[in-house]
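Below: the structure, in structure tokens.
Any read-out appearing in this document is the output of simple, stated calculations on the displayed coordinates, not a laboratory observation. The structure presented is a predicted model; accordingly, all values stated were derived computationally and were not measured. Here the Cβ positions follow ideal geometry from the backbone for every residue, glycine too, while neighbour counts run over all protein chains shown.
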Amino acid sequence: MIVDIMNMLFNGTLTGAVYALIAMGYSLVYGVGGIMNLSHGAYFMLTGYLLLWMLQTPFFIGLEWLTVVFALIIITVIGGLTFLLLVKPLQDSHVAVVIVTFGLAFLLEQVVLISPSGTEVWSIGQLRLFQGYTMVFGYPIVHQYVFLIVMSIVIVLLFALFINKSKLGKSIRAVSQDREAAGLMGINASRILLYTVMISALLAGLAAFLYLPGASLDGPSMGWGYLLNSFAVVILGGMGSLIGSVAGAFIVGYTISFTNVFVPYGPSWAHLVPIIIIIVILLIRPQGLFGKKELR
Amino acid sequence: MEKLAKRIIAIVIIAGLGVGGGLGAWFLFLAPGAGEYSWSSKDCPGAPSGISSDQIIKFGITGDVGEITGDGAWEGCYLAAKEINEAGGIKINDTTYYIGVTREDSDEANPNLVTSRGIAAAERLVYNKKVQFGIGGFRSEALLAYQEVFMDNEIIFINTGAATDVFCENVRSWYTRYKYFWRSMPINSSSLGEQIFNYLFRLIYVLNATYSGEIANVGIIYEDLTWTEDLVTGIEYYFGPYGPLPAYRNMLTANIPYDVTLTAADMLTHVNTLMAADCDIVIPIISAQGGLMLMQHYATLQPNFLVVGIDVQSQLDTFWTQTNGDCIYEIQMQSIHVTNKTPTTIPFWNAFRAEWGHDPLYTASGSYDALNFIVWAINETQSLQAYPTLTQKMETATKANILANPELFPSSVGGLGAYWPTTHDLVAGYPFGFTLFCQWQANATKVIMPSYNSVYIDSQLSNIGTLILPPWLITDWTT
């Protein structure tokens, strides 16, 4: 029984840590600009494939860690281009932004699909920083995943510090609170939105770098699953609430893990849990756990 | 008022364009017979240029384009067509015909399956490309839907990828409708389950004799999909409380079905559940990415169990690179390898590798056999009539007839290709439809395991190797 509880707790924490990183960026962009960026899951997927493609390139043999730097830079730039080329021209219409980012996600998926590595599943285990595991109460704690969880917590804390203490962070908060007032105070809201989308893409890229070396690239459509779960996380935590995203991520993570371990035949429908969460929260508390009620 | 009028005109124009565009597209591409495909020598690999559509026997392949299963079906058919065409095609009543192959994307390997895409693919093959024969299929849920298009149009369709029993049971129960349906690969789910059990029965016996009865528990982990149902039922029976062999009863201590969209974190949970259940052998029944995840965690955690089962992705030689070698020690089932299952197996293996640069997947060997099977029937009957001529000829490829006169039937590469005349299902069991158990060993080598004569006669096959256990497992079982 203790092993089952450890199994549930560890994997719930692991799942929560991954979703926290992905959902935080997703929520940030919505909170600041009211932008629902449906290509966010594709950033996660694409980072994985960028890492894979570079690892398959002879130039990077012995320089594996350079691939991480390049992949994160590229995905951040793609985030920026998404804003400049697609979101900015359409940002007055929420529906148009949703549709265009949805289209971008499909485009990125298809681009990966037609690549030579796009049709198979792959491991990028060369980028695992830690090997092996340690037994705790009869349960193997995998070192790579401990690294992920620790790094996720560190990134969340650094991010909170950045938002609250740095000049750019304060500008982001100002734009999220009142875009017009921020503009009157001399803040270039459009530029802040650009930075926000780039930061969110970077967070998705970091999640991919931390998680995928211990996991796998499951195909170009893998981004949708992460997008859906992130969506559940931010609906649960409250759209635009960073604390809510982190809390929501761990609640979703533990719920999936609990279903996997303790519910008979739970693994067959554990991934229905986020969808159920979306429906239930939207019905009983549309603003989420930490979100503010919208004034009408 | 003027604004309103403009708005109404704009709406009318947009609606007109939309409806017009939609209707145009429908007439051009979707309506039965619309936008008819023009067959030419480009569809006939290995055939001379300049041949007309009338000289082509048209085969349509359904499968997921860009996925290993669908590509395998295409590659197998392509190779078979090329060989036949290069040999001069086939003669029907003194007229030379060539084999044309075309494919449509059924998107059936997509975890988020949309069955209408498979139906649309089948309709494009039947109505627009006017195929005379169909080959392919992989995902049972998809094939169940789109097989009806072929049955509606009385076109022979050979399934080369879906194991679910029900397909061929339909032939028995409603022959008038489903008589055009056949399965050349794989053997059905129940038979697969039986062959796994037969192999494990001997393997456990051998291991217990070597390691003093250490093998006591078995676990299964499988995709919660239609194709695994019969297989799982079989394994649950064989290792359950009412199993046929008392020594193997109550061995099943973990039973994990999972959703195919699972993540690596989910798989980690399941591997830990298998470890907590003290499994000594774990049977995966996996066709998608779960296999790679399982073997990754297996390599990291080094659990005290051996992995023996179905892992479709692992059948390809690229799996070693894909997993960075984490698949080492996995024993998985595959239809062919470099061994003399039949006299044509190794030549096919070599020709396939020369053509495509990688090992053939089970859908590839099945499709190769399927196309050759149909062409054999055409040759024998000198007819293209699906029923009764070709169907009844194909129904003569029974176990008894092939054993009595093997030279009268086409040589299949996956085993002696005999079919049950009442179900059109591939006959299972050595030397007909039988699976090979292969283990990944060091340096990316894949070795055929001895089956201890449980599934195949070891001495009759070439290149049989030796089982190598993971060192941590040996340590656990000897201490």
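Helical content alone sets the calculated 222 nm signal of chain B at -12500 deg cm²/dmol, taking -39,500 (n - 2.57) per DSSP H segment of four or more residues and averaging over every residue. Say the dipole of the stretch A:22-221 comes from +1 at the beta carbon of Lys and Arg and -1 at that of Asp and Glu; which of A:Phe209, A:Leu193, A:Thr76 then lies farthest toward its positive end? Value: A:Leu193. The calculated FRET efficiency for the pair B:Ile464 and A:Gln131, based on their C-beta separation and a Förster distance of 41 Å, comes to about 0.75.
For the segment A:122-132, counting C-beta atoms of other chains within 10 Å of every residue's C-beta and taking the mean gives 3. Between the listed residues B:Tyr180, B:Asn350, B:His424, the Cα displaced farthest toward the positive end of the dipole of chain B, a dipole computed from Cβ unit charges relative to the Cα centre, is found at B:Tyr180.
The magnitude of the dipole of chain B, with charges of +1 and -1 set on the Cβ of Lys/Arg and Asp/Glu and taken from the Cα centre, is near 900 debye. Net charge dipole, the stretch A:167-226: roughly 280 debye, given to the nearest 20, about the Cα centre with Cβ charges of +1 for Lys and Arg and -1 for Asp and Glu.
The distance separating the Cα centre of the stretch A:83-150 from that of the stretch B:99-120 comes to 26 Å.
Restricting the calculation to Cα atoms, the stretch A:44-135 shows an Rg/Rh of 1.08 when the hydrodynamic-style radius is the Kirkwood one. Modelled spin-label separation between B:Thr96 and A:Leu84, with each label point placed 7 Å from Cα along the Cα-to-Cβ direction: 6.1 nm. Among the residues of B:320-329, the average count of other protein chain beta-carbon atoms within 10 Å of the residue beta-carbon is 3. Modelled spin-label separation between A:Leu283 and A:Asp178, with each label point placed 7 Å from Cα along the Cα-to-Cβ direction: 3.8 nm. Computed packing ranks the peptides B:461-472, A:118-129, B:268-279 as B:268-279, A:118-129, B:461-472, most packed first, by mean other Cβ atoms within 10 Å.
Distant-in-sequence amide contacts of B:Ile56, defined by a placed amide H-H separation under 5 Å and a gap of 5 or more residues or a different chain, comprise B:Tyr98.
The angle separating the long axis of helix B:140-152 from the principal Cα axis of greatest extent in chain B is about 40 degrees. Taking only the C-alpha atoms of chain A, Rg followed by Dmax gives 19.1, 60 Å. For chain B, the alpha-carbon radius of gyration amounts to 1.07 times the rule-of-thumb value 2.2 N^0.38 Å expected for a compact globular protein. Counting Cβ atoms of other protein chains within 10 Å of each residue's Cβ and taking the mean over peptide B:299-306 gives 3.
Packing around the peptides B:71-79, A:159-167, A:26-34, taken as the average count of other Cβ atoms within 10 Å per residue, puts them in this order, highest first: B:71-79, A:26-34, A:159-167. Dipole magnitude for the protein assembly as shown: about 2480 debye, using +1 per Lys or Arg Cβ and -1 per Asp or Glu Cβ, origin at the Cα centre.
By the count of neighbouring beta-carbon atoms within 10 Å, fewest first, B:Asp317, B:Asp165, A:Asp92 end up ordered A:Asp92, B:Asp317, B:Asp165.
For the peptides A:257-269, B:399-411, the ranking by packing is A:257-269, B:399-411, with the highest mean count of neighbouring Cβ atoms within 10 Å listed first.
Could you list, in their original order, any pairs among B:Lys58/B:Lys399; B:Lys82/B:Lys179; B:Lys129/B:Lys393; B:Lys341/B:Lys446; B:Lys179/B:Lys341 whose Cα atoms are separated by more than 20 Å? Pairs exceeding 20 Å: B:Lys58/B:Lys399; B:Lys82/B:Lys179; B:Lys129/B:Lys393; B:Lys179/B:Lys341. Relative to its residue count, the stretch B:331-479 spans a Cα convex hull of 131 Å³ per residue.
Across the stretch A:22-221, the mean sequence separation of Cα contacts (distance under 8 Å, 6 or more residues apart), normalised by length, yields a relative contact order of 40 percent. The spacing between the stretch B:275-315 and the stretch A:12-56, judged by their C-alpha centroids, is 28 Å. Overall shape of the protein assembly as shown was characterised from the C-alpha gyration tensor. The equivalent ellipsoid obtained from it has semi-axes of 47, 36, 22 Å, in decreasing order. As a rough footprinting exposure proxy, the listed residues B:Cys327, B:Cys168, B:Cys44 were ranked by other beta carbons within 10 Å of their own, and the order from fewest upward is B:Cys168, B:Cys44, B:Cys327.
In terms of other Cβ atoms within 10 Å, B:His297, A:His94 run from fewest to most in the order A:His94, B:His297.
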